[in-house]
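Presented below is the structure to which this report refers.
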Amino acid sequence: TMFPAQCGQGATWNKELISEIARVTAEEAKALGYTNIYSPILDIAQDPRWGRVVECYGEDPCLVKEMGVAFVTGMQGEAEQTRKGIEPGKLACTAKHFVAYSVPEAGINLAPSLVGERNLRELHFVPFKAVVQEANVYSLMPGYHEVDGIPVHASRWLLTDVLRKEWGFNGYV
């Protein structure tokens with residue numbers, strides 16, 4: 001089944017619809033043998049020059065948070081249940097691209113993101129923190145970029161201090 005791109009889904013502001021899209025996707029992918037889906041994309045679309053804006057739910061962190069939680073819940077099941085395991089017919093989610101991937105310098109994909117901690121906490125962390133704490137997302141994919149000069153894959157502050165210690169994430173990166 002084909003569904004609109006995430007920018008079209010986000011335009012609906014309809015959490016129930018997003019949850020249903022995720023449920024159907026999980027059911028169909030599970031029938032094909034999938035165990036994990038690399039979605040939802042929780043990037044905040046702020047720079048129209050960036051070539052992947054269509055993959056984002058939108059530019060508002062509240063919208064992206066709500067759509068992301070609805071997607072993870074539809075795909076994996078309710079958070080309380082997923083703490084015991086994924087139910088039959090459901091799949092694990094990998095939320096991506098952690099974090100601030102969508103605001104690269106000059107809008108160039110894979111370029112460094114020059115954002116400070118306040119910008120991260122007020123905008124870019126919002127949807128990721130929500131899927132970790134409210135929806136129990138199983139996995140997060142780090143972005144392929146640098147945040148303030150440090151590759152996200154090598155950032156102890158982002159991956160350990162914030163993600164694991166501050167938010168309590170126990171899934172896999």
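Quick look at the values:
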read-out: Highest-MSF residue in the chain out of VAL53, VAL162, VAL152 [GNM, Cα springs under 10 Å]; value: VAL162
read-out: Shape of segment 4-50, Cα gyration tensor, a/c cut at 1.5; value: oblate
read-out: Under Karplus coefficients 6.51, -1.76 and 1.60, residue-wise ³J(HN,Hα) of segment 111-120 in Hz, glycine/proline x; value: 6, x, 9, 9, 10, x, 4, 4, 4, 4
read-out: Radius of gyration and Dmax over the Cα atoms of segment 38-173, both given in Å; value: 14.2, 44
read-out: The chain: relative contact order as a whole-number percent, Cα under 8 Å and 6+ apart; value: 23
read-out: Overall form of segment 1-102 per C-alpha gyration tensor (a/c, 1.5; a/b vs b/c); value: prolate
read-out: Dipole in debye (nearest 20) - segment 10-53, about Cα centre, beta carbon charges: Lys, Arg +1; Asp, Glu -1; value: 100
read-out: Within the chain, helix-based [θ] at 222 nm, where runs of 4 or more DSSP H residues each add -39,500 (n - 2.57), nearest 500; value: -8500 deg cm²/dmol
read-out: Placed amide H near PHE98: partners under 5 Å, 5+ positions off or other chain; value: MET141, GLY143
read-out: Helix axis angle, 61-76 relative to the chain longest principal axis, alpha carbon, degrees; value: 40
read-out: Where TYR38, TYR57, TYR172 fall by accessible area, highest first, once all protein chains stay in place (1.4 Å); value: TYR38, TYR172, TYR57
read-out: Lys, Arg +1 and Asp, Glu -1 on Cβ, resulting dipole of segment 36-173 about Cα centre, debye, nearest 20; value: 380
read-out: Rounded to 5, the percent of DSSP beta bridges in segment 40-168 classed as antiparallel; value: 25
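The values are calculated or read from the model by the stated rules, or taken from the named source; none is laboratory data. All of these numbers come straight from a predicted model, not from anything done at the bench. Cβ sites come from the backbone with ideal geometry, for glycine too, and all protein chains shown count toward neighbours. Only protein heavy atoms, including side chains, enter the accessible area calculation; ligands, DNA and RNA are left aside. Shrake-Rupley method; radii C 1.70, N 1.55, O 1.52, S 1.80 Å.
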